[in-house]
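Working notes, structure below.
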Number of protein chains: 2
Amino acid sequence: MTRIITIGGAQLGPIRRDEARSAVVARMIALMEQAARRGVQMLIYPELALTTFFPRWFMEDQAEVDAFFETEMPGPETQPLFDRARELGMGFSFGYAEKAVYDGRLRRFNTSILVGPDGEIAARYHKIHLPGHSEHEPWRAFQHLEKRYFEPGETPYMSTELMGGKWAMAICNDRRWPETYRESALRGAEVLTLGYNTPLHYPLAPEHDHLQAFHNHLCMQAGAYANGLWVVGVAKAGREEDCDLLGQSCIIAPTGEIVAMASTIGDELITADCDLDRTQEIRDHIFNFEKHRRPDMYPMLTRQSNGQ
Amino acid sequence: MTRIITIGGAQLGPIRRDEARSAVVARMIALMEQAARRGVQMLIYPELALTTFFPRWFMEDQAEVDAFFETEMPGPETQPLFDRARELGMGFSFGYAEKAVYDGRLRRFNTSILVGPDGEIAARYHKIHLPGHSEHEPWRAFQHLEKRYFEPGETPYMSTELMGGKWAMAICNDRRWPETYRESALRGAEVLTLGYNTPLHYPLAPEHDHLQAFHNHLCMQAGAYANGLWVVGVAKAGREEDCDLLGQSCIIAPTGEIVAMASTIGDELITADCDLDRTQEIRDHIFNFEKHRRPDMYPMLTRQSNGQ
C-alpha cells in the first residue's frame, strides 16, 4: 500500500490589524480550493492564521487582547473553512490564539489543530517554546509579548495517526529547538507541521537580521534529516502592520532537502507528494534510534536547571 | 579581555594502510608549522589521525587489529608532535585508536585528546556514537566495523577549560546527533571539535550518496547555531585505499555560518579567528536556555528504550 500523501503549505501574506476573521477565512478557503485542484490531501496554514500577529503590541486592556482569541473552534467565522474542507475531503491544520477552560480555569494558549478529512479535530497542540518577553519594552521597534499573552503548553509533542500517517505539530519558535523534532520522532511522528510568524528584524541581536532566512531553513532541514521526518514549515509573510515577516514556506524531505518552497511573500500555495515510507531510509539506517542512539549519555538534556 | 583564539583545522589527505606512524606524524608537524606561521593557537586534526581508517576491513586476527592502536600517548612515534607543539606554544587535538586499561581491564576506544600549549593532555574523550556494524558483511564494498573494534564511550560529553575558553570534543558520527551539541553546550562548552572519516558511499542507503557533503555541513551548522557554539569539523579526506572520503573541513561560527573551509581533499590547513564571546550573541538571546528551554517537555530524550 502506497503511503504517498500530497501535502500543501498555504502561506498567508500579511493580515491587517482591522481585517475581519471572515475576510481571512475567505483567503484561506481560496487557497484550499486551489490546493484541491492540485490534489492536496492535507493543507497546512501558518501560526495565528486568523489574525494579525498581535503580540507585537503592548496592550493593557485585556478585552483588547482577547479580541484576537477564539473561544470556540470551529466558531461562526471559522465554520465555513471546516465545511469547505469536509466537502473537498481535505485534512488541514492551522494555528490560532485559543481562550478556553483547561483544568477548571480559563487559559490562553498559542494553539494549533490538526483536522481530518472528515472535518473532526484529531489533535490539538499548545505551543511549548514561547519566545519574547512578558513586560513592555518600549525601546523595541515592535514588541514580542508571547510570554505575556499566552501560557506555555504543558503537554509534550505528540504523534497522531491520521490518513495512514503519523503527524506531530509544533509552532514557530519550536522549530529552532532540536528537541522538538527528536521528541516528536521518538513518538513515531512521520510529518511535523510548523507554522510561523518570523520578523526579519530581531531587536535583541540585529547583527543577525540578514541570517533570518538561513536560520529558518537550517533548523528545519537539520531537524528533518536528524529524525527522518517530513517537515512542513508555513509562514505568515510580508509587511504586516509595519513589521516585515519572513516567507520561504517550505516542504522538507526526510533527507533534509527542500522539495517545495514559496517564492513570494503573499498568499501562496506550495505542494509536494510526500512518501511517508521515505522516513525509513533514515530511521532504518544511519539514525536507527534503537541501534545507535545513546540516551544514557545525555543526562543534561532533561535536567530541570541548566547548571554547568 | 579579548577572547579571540586563532583556531586551525588540519585536514589530512589519505593515509595508506602501510604508511608508518612516523610519516603521518611528519605530515602533521608540517601542517603545525604552517599553522604557526598563520598565528594558530589551537590546531585540530581528524579522527584516527595516525593511521588509515582500518574499520573498513574485517580482520579476524586481533594482533592485526591491534597494530592500529596506540598503547601509550604520547608514545615514541607521537612524541615529536607533542615536542614541536610545546616549542611553538600551540594547543592541539587529534583522534586515535586507544588500547588502555580502564576499570581494571584492557579496553579499546575511538579516542580524541585535547592538549594544551604546555604539551599536557587536558582532556580525553571516548567516542559515544559508534556507527556501522559488528559482524562481517561481505556484500558491502567496504566494511564499517567500528562496533566490532571499539567499545562505546561511557562518559558524556564534557567541557574543559583551556586557554581562556571551554572546549568539548566529539568524533565523526557524533556530529549527526543533535544531542552531542546540546549536551556539550549545557555543560558550558564554547568550542566543539569534531574529527571525521566519512566515506562518500554509504552502503545501506546509496541513494543518499550525493548528499554526503550537504549532510556533513547541515548537521554541524545546525548544531553550532542551535547552541551558540563554535564548531571545528576536520576531515580525513580523499581516496584512501579505494575508499573515497569526504573533505570540506570547516570552521563554523555560533551563527551557523561557515567561516573557513577546505577546498582540496589532501593535507590542508584552514584557520579562523574565533571570538569565544560571540557565543553570547546566541545564548543570551534567542537560545537563552534558562529562559526559553523546556526540559520538562522532552521526556523521551533520555528514556532508555525508544518505545513509542
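The values are calculated or read from the model by the stated rules, or taken from the named source; none is laboratory data. These figures come from a predicted structure and were not determined experimentally. Positions of Cβ are backbone-derived with ideal geometry, glycine not excepted, and every protein chain shown enters the neighbour counts.
For the range B:196-221, which residues satisfy the criterion of being of a type in the set (A, V, I, L, M, F, W, C), over 15 Å from B:VAL232 (Cα atoms), in contact with a helix residue (DSSP H, G or I) (Cβ under 7 Å, 6 or more places away or on another chain) and more than 7 Å from chain A (Cβ to nearest Cβ)? Selection gives B:LEU200 alone. The requirement of being touching a residue at least 40 places away in the same chain (Cβ under 8 Å), within 23 Å of B:ALA185 (Cα to Cα), in contact with a strand residue (DSSP E or B) (Cβ under 8 Å, 6 or more places away or on another chain) and among the basic types (Lys, Arg) is satisfied by A:ARG175. Cβ separations smaller than 8 Å between residues 6+ apart or across chains give the following pairs from the range A:3-14 residues that are farther than 7 Å from A:CYS274 by Cα to residues that are among the polar types (S, T, N, Q) and crowded, with 22+ Cβ neighbours inside 10 Å: A:GLY9/A:SER249; A:GLN11/A:SER249. Taking the range B:132-150 as the range and being in contact with a Lys or Arg (Cβ under 8 Å, 6 or more places away or on another chain) and either small (Gly, Ala, Ser) or within 8 Å of chain A (Cβ to nearest Cβ) (or both) as the test, the residues that pass are B:GLY132, B:SER134.
Could you please find all residues in the range B:46-58 being in a loop (DSSP other than H, G, I, E, B) and within 19 Å of B:SER22 (Cα to Cα)? Those that are in a loop (DSSP other than H, G, I, E, B) and within 19 Å of B:SER22 (Cα to Cα): B:PRO46, B:GLU47, B:LEU48, B:ALA49, B:LEU50, B:THR51, B:THR52, B:PHE53.
Conditions tested, residue by residue: (1) under 18 Å from the mean Cα position of the chain (by Cα); (2) farther than 30 Å from A:ARG3 by Cβ; (3) modelled with pLDDT of 95 or more; (4) hydrophobic (A, V, I, L, M, F, W, C).
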{"residue": "A:PRO55", "(1), (2), (3), (4)": "yes, yes, yes, no"}
{"residue": "A:ALA63", "(1), (2), (3), (4)": "no, yes, yes, yes"}
{"residue": "A:ASP66", "(1), (2), (3), (4)": "no, yes, yes, no"}
{"residue": "A:GLN79", "(1), (2), (3), (4)": "no, yes, yes, no"}
{"residue": "A:ILE113", "(1), (2), (3), (4)": "yes, no, yes, yes"}
{"residue": "A:GLY116", "(1), (2), (3), (4)": "yes, no, yes, no"}
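Applying the set (1) within 20 Å of B:GLN221 (Cβ to Cβ); (2) in contact (Cβ under 8 Å) with a residue 12 or more places away in the chain; (3) of a type in the set (Ser, Thr, Tyr) to A:THR271 leaves exactly one unmet item: (1).
Report, by residue number, each residue of the range A:1-40 that is hydrophobic (A, V, I, L, M, F, W, C), farther than 28 Å from A:ASP242 by Cα and part of a helix (DSSP H, G or I). Those that are hydrophobic (A, V, I, L, M, F, W, C), farther than 28 Å from A:ASP242 by Cα and part of a helix (DSSP H, G or I): A:ALA35, A:ALA36. Of all the listed residues (B:GLU98, B:GLU135, B:GLU77), the sole one being of a type outside the set (Val, Ile, Thr) and in a strand (DSSP E or B) is B:GLU98. The set of residues in the range A:268-293 that are surrounded by 19 or more Cβ atoms within 10 Å (Cβ to Cβ) and polar (S, T, N, Q) comprises A:THR271, A:THR279.
Candidates are the residues of the range A:229-244 that are over 21 Å from A:ARG293 (Cα atoms) and buried (at least 24 other Cβ atoms within 10 Å of the Cβ); the one that is farthest from the chain's Cα centre (by Cα) is A:ALA237.
The residues listed here are B:ILE15, B:ILE4, B:ILE44; of these, the one that is within 21 Å of B:ASN173 (Cα to Cα), modelled with pLDDT of 95 or more and more than 15 Å from the chain's Cα centre (by Cα) is B:ILE15. Quick check, is B:ALA226 crowded, with 18+ Cβ neighbours inside 10 Å, free of Cβ contacts under 8 Å to residues at least 60 places away in the same chain and more than 20 Å from A:ARG278 (Cα to Cα)? No; evaluated as a whole, the condition is false for this residue.
Each residue in the range B:59-73 was checked for being buried (at least 17 other Cβ atoms within 10 Å of the Cβ) and part of a loop (DSSP other than H, G, I, E, B), and 4 pass. Here A:ASP296 fulfils each of the conditions (1) touching a residue at least 12 places away in the same chain (Cβ under 8 Å); (2) surrounded by fewer than 16 Cβ atoms within 10 Å (Cβ to Cβ); (3) farther than 20 Å from A:GLY165 by Cα apart from (1). Scanning the range A:255-267 for residues that are touching a residue at least 40 places away in the same chain (Cβ under 8 Å), under 19 Å from A:GLU190 (Cα atoms) and out of contact with any helix residue (DSSP H, G or I) (no Cβ under 9 Å at 6 or more places or on another chain) gives a single hit, A:ALA260. Considering B:ILE258, B:ILE265, B:ILE252, the condition of being modelled with pLDDT of 95 or more and crowded, with 24+ Cβ neighbours inside 10 Å is satisfied by B:ILE252 alone. When A:ALA260 is tested against the conditions (1) under 16 Å from the mean Cα position of the chain (by Cα); (2) more than 14 Å from chain B (Cβ to nearest Cβ); (3) hydrophobic (A, V, I, L, M, F, W, C), the lone failure is (1).
Here A:LEU43 does not fit the description of being touching a residue at least 40 places away in the same chain (Cβ under 8 Å), assigned to a loop (DSSP other than H, G, I, E, B), surrounded by 21 or more Cβ atoms within 10 Å (Cβ to Cβ) and touching a helix residue (DSSP H, G or I) at 6+ places or on another chain (Cβ under 7 Å). All conditions in (1) touching a Gly at 6+ places or on another chain (Cβ under 9 Å); (2) over 25 Å from A:HIS133 (Cβ atoms) hold for A:GLY238, with the sole exception of (2). Within the range A:268-308, the only residue that satisfies the criterion of being farther than 29 Å from B:PRO131 by Cα, at pLDDT 95 or above and in contact with a helix residue (DSSP H, G or I) (Cβ under 6 Å, 6 or more places away or on another chain) is A:LEU269.
Quick grid of which residues meet (1) touching a residue at least 24 places away in the same chain (Cβ under 8 Å); (2) within 20 Å of A:HIS285 (Cβ to Cβ); (3) outside any loop (DSSP other than H, G, I, E, B); (4) under 18 Å from the mean Cα position of the chain (by Cα):
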residue: B:LEU130; (1), (2), (3), (4): yes, yes, no, yes
residue: B:ALA141; (1), (2), (3), (4): yes, yes, no, no
residue: B:LYS166; (1), (2), (3), (4): yes, no, yes, yes
residue: B:MET169; (1), (2), (3), (4): yes, no, yes, yes
residue: B:GLU183; (1), (2), (3), (4): yes, no, yes, yes
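If you take the residues in the range A:151-195 that are in contact with a Pro (Cβ under 7 Å, 6 or more places away or on another chain) and within 12 Å of chain B (Cβ to nearest Cβ), which one is farthest from A:ARG3 (Cα to Cα)? Within the range A:151-195, the match that is farthest from A:ARG3 (Cα to Cα) is A:ASN173. Evaluating A:ASN288 against the criteria (1) at the interface with chain B (Cβ under 8 Å from one of its Cβ atoms); (2) polar (S, T, N, Q); (3) farther than 27 Å from A:PRO46 by Cα leaves one unmet condition, (1). Of the residues A:THR2, A:THR78, A:THR6, the single one that is among the β-branched types (Val, Ile, Thr) and crowded, with 19+ Cβ neighbours inside 10 Å is A:THR78. Run down A:GLY247, A:GLY233, A:GLY238 and say which single residue is modelled with pLDDT of 95 or more and at positive phi. Result of the check over A:GLY247, A:GLY233, A:GLY238: A:GLY238.
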